[in-house]
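The next block holds one structure in the form of structure tokens; read it before the comments.
The values are calculated or read from the model by the stated rules, or taken from the named source; none is laboratory data. Values in this document were obtained by computation on a predicted structure and should not be read as measured data. Neighbour counts are summed over all protein chains in view; Cβ atoms, including those assigned to glycine, are modelled from backbone coordinates with ideal geometry.
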Amino acid sequence: MNKTIKQLSTLLAEGETSSVELCQDYLTRIQAQNATLNAFISVDADKTLAEARAADALRASSQGSLLTGVPIAHKDIFCTEGWLTTCGSKMLSNFVSPYDAHVIEQFKAAGMPCLGKTNMDEFAMGSSNETSFYGPVRNPWDTERVPGGSSGGSAACVAARMAPAATGTDTGGSIRQPAALCGITGLKPTYGVVSRYGMIAFASSLDQAGPMAQTAEDCGLLLNVMAGFDARDSTSLERPKEDYTRSLNQPLSGMRIGLPREFFGPGLVGDTANAVEAAIAQLRKLGAETVEVDLPNSSLSVAAYYVLAPAEASSNLSRFDGVRYGYRTPEYGDLTDMYEKTRAEGFGSEVKRRIMIGAYVLSHGYYDAYYIQAQKLRRLIANDFAAAFQQCDVILSPTAPSTAFKLGEKTADPVEMYLSDIYTIAVNLAGLPGMSLPCGFDAQGLPIGLQLIGNYFDEARMLGVAHQYQLATDWHMVSPALVGC
Amino acid sequence: MSLSPQDVERIAKLARIRVDGDEVMAYQSQLNNIFGLIEAMQAVDTAGIAPMSHAQDLFQRLRPDVVTEPNRRDAFQALAPQTENGLYLVPKVIE
């Protein structure tokens, strides 16, 4: 069951297996492991197998395409028609979506059955999957530890091979950081490449959906399904269709890899430092050259992000008012009472904190000092990357400052949690594509992730570097011993 | 920048989130902690820098003003806590 999307596609094409057989196998593994890992919020074998039978029928009548019949799990942030879509929140604990997100439509068109909806930090706000109304997700490598977040359920399910791949979303690192902590490969595309229609909004100028899988090649195949213009998303970009797997086999000789001085400073220590240095050495062996670059304003990315993202969230989450859908408080007097109680009861504490910060920084008298200042910092950070990309083709850094921490370790201090995203946040602010791939393990056997950052729309080249690295190493092929099986 | 309990109450009102008694203190301390992180931004001189709202220089696409969506009111209203005659029911607003 260690098969990649690519391998499953070949097996299906050659008639060696069927979609029904694959889905049954994955559903069995979900059944065995989910009580411990809590990676899935919703599983519905009947729905999954119905989609699998339809996929098999398509292949039988020669109407299938490359990925028809390959199953995938979806983060519970994507509206999926007929499925409970909770966004990890009590606020949507009764919301059965009446429509499909664009991303879900794309996967349906590709004939890929849905294995279930994965657990996540509430409204995508978190870096450990501990804020979910449905309980924390556990890291398959050590169930006392977090999988990372907010796409913790998706990362855990791929790491434990409960699914060959899953969708995630990334606003400040929520695909890349859990991918690193769980030892899988995850990619956030350039802002605007994947439609946000039907993807429950957190911070509209930062959110992007992306694939999480075992390999860079799989991520490229999945991005081919997910990417594309959608008129229903006003920030969706109209660009010529491209094949994100086209550069996978390009040799790395002459590839210039930028190493930001600020990301390799005194804060980077121990096993993470060693694994990343070893990866750099490996890439040099493959023919790449490294060059030091500067991202002088990157140290302020977390500060700027915690103004911009909460501000946008406070606006996006104002729709949750108990009127048209979702949770409504059972007892209330007037309308204001209904709103205030619904939102106090329906949202968890991290979500409420961020809404309050957002309301404050957007309020009269503070807008210029905080919100506008943060947007100016955003410009400076984007300019830093533009200057760096004059000297290199791809930028490399660790994905996360440490390996998976213990459940409860960082929940007392929100700011400590926020600093988990110190290497990933600047990428969202600039809107650049970024990915994480496994590059080793620490002394306790916990995965370490390597981050690659590409220039705008340069996903294919970034995936190429990752793929060449994965041909020469096998960190990405390791999966933890199965739990409860 | 330090928040007072009155600030917390004001923000809660803006956010339409009920915050009671002891919770005000807890929020005050948590939010002040987060503002400590944000304050680092103030050290940077951003004179003459244009604010950036998102990655691409996007403009709002326009389309012809014609109906393109099917009417799915029943499907959507089936999810609502309370409806009547195609309307959403809420407590009386006007005194």
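Restricting to segment A:289-319, name every residue that is of a type outside the set (Lys, Arg) and over 21 Å from A:Glu262 (Cα atoms).
A:Val307, A:Leu308, A:Ala309, A:Pro310, A:Ala311, A:Glu312, A:Ala313, A:Ser314, A:Ser315, A:Asn316, A:Leu317, A:Ser318
Would you check which residues across segment A:376-402 are at pLDDT 95 or above, touching a helix residue (DSSP H, G or I) at 6+ places or on another chain (Cβ under 7 Å) and of a type in the set (S, T, N, Q) and list them?
The answer is A:Ser397, A:Thr399.
Just to verify a result, which residue in segment A:322-346, among those that are within 7 Å of chain B (Cβ to nearest Cβ) and in contact with a Leu (Cβ under 9 Å, 6 or more places away or on another chain), is farthest from A:Phe95 (Cα to Cα)?
A:Arg343
Grab the helices (runs of 4 or more DSSP H) fully contained in segment A:410-485, keeping just those with 2 or more residues being without any contact (Cβ under 8 Å) to a residue 60 or more places away in the chain.
The helices (runs of 4 or more DSSP H) meeting that bar are A:414-418.
Which residues, taken from segment A:124-154, are under 14 Å from the mean Cα position of the chain (by Cα) and either closer than 15 Å to A:Met417 by Cβ or free of Cβ contacts under 8 Å to residues at least 12 places away in the same chain (or both)?
Within segment A:124-154, A:Ala124, A:Met125, A:Gly126, A:Ser127, A:Ser128, A:Asn129, A:Pro147, A:Gly148, A:Gly149, A:Ser150, A:Gly152 meet the criteria.
Just checking, how many residues over segment B:19-73 are assigned to a helix (DSSP H, G or I), closer than 29 Å to A:Ser420 by Cα and under 25 Å from the mean Cα position of the chain (by Cα)?
20
Quick check: anything in segment A:397-406 of a type outside the set (A, V, I, L, M, F, W, C), more than 10 Å from every other protein chain (Cβ to nearest Cβ), out of contact with any Phe, Trp or Tyr (no Cβ under 7 Å at 6 or more places or on another chain) and more than 30 Å from A:Ala460 (Cβ to Cβ)?
Checking segment A:397-406: at least one residue is of a type outside the set (A, V, I, L, M, F, W, C), more than 10 Å from every other protein chain (Cβ to nearest Cβ), out of contact with any Phe, Trp or Tyr (no Cβ under 7 Å at 6 or more places or on another chain) and more than 30 Å from A:Ala460 (Cβ to Cβ).
I need the full set of residues from segment A:63-101 which are among the small types (Gly, Ala, Ser) and part of a loop (DSSP other than H, G, I, E, B), in order please.
Listed by number, the residues that qualify are A:Gly64, A:Ser65, A:Gly69, A:Gly82, A:Gly88, A:Ser89, A:Ser93, A:Ser97, A:Ala101.
Within segment A:273-295, which residues are in contact with a helix residue (DSSP H, G or I) (Cβ under 6 Å, 6 or more places away or on another chain) and more than 25 Å from A:Gln250 (Cβ to Cβ)?
A:Asp294, A:Leu295
Can you pull out the helices (runs of 4 or more DSSP H) entirely within segment A:1-62 that have at least 2 residues that are of a type in the set (D, E, K, R)?
On the way: elements: A:5-13, A:19-37, A:45-60.
Per the criteria, A:19-37, A:45-60.
I need a count of the residues in segment B:43-68 that are within 7 Å of chain A (Cβ to nearest Cβ) and either in contact (Cβ under 8 Å) with a residue 60 or more places away in the chain or within 25 Å of A:Tyr306 (Cβ to Cβ) (or both).
Qualifying residue count for the region: 11.
Being out of contact with any strand residue (DSSP E or B) (no Cβ under 8 Å at 6 or more places or on another chain) and of a type in the set (Phe, Trp, Tyr) is the filter here, so list the residues in segment A:433-460 that pass it.
Selection gives A:Tyr456, A:Phe457.
Which of the following residues is in contact with a helix residue (DSSP H, G or I) (Cβ under 7 Å, 6 or more places away or on another chain) and surrounded by fewer than 23 Cβ atoms within 10 Å (Cβ to Cβ): A:Asp458, A:Asp421, A:Asp442?
The match here is A:Asp442.
With respect to the numbered conditions (1) modelled with pLDDT of 95 or more; (2) away from every other protein chain (no Cβ under 14 Å); (3) not in a helix (DSSP H, G or I), which one is the sole condition not fulfilled by A:Leu268?
Single failed check for A:Leu268: (1).
Is one or more of the residues making up segment B:10-31 exposed (fewer than 11 other Cβ atoms within 10 Å of the Cβ), within 9 Å of chain A (Cβ to nearest Cβ) and out of contact with any helix residue (DSSP H, G or I) (no Cβ under 6 Å at 6 or more places or on another chain)?
yes
Test A:Ala60 against the stated conditions and say whether it is surrounded by fewer than 24 Cβ atoms within 10 Å (Cβ to Cβ), without any contact (Cβ under 8 Å) to a residue 12 or more places away in the chain and of a type in the set (A, V, I, L, M, F, W, C).
When the stated conditions are applied, A:Ala60 passes them.
Looking at (1) in contact with a helix residue (DSSP H, G or I) (Cβ under 9 Å, 6 or more places away or on another chain); (2) more than 28 Å from A:Leu67 (Cα to Cα), can you tell me which one A:Gly267 breaks?
Status for A:Gly267: all satisfied but (1).
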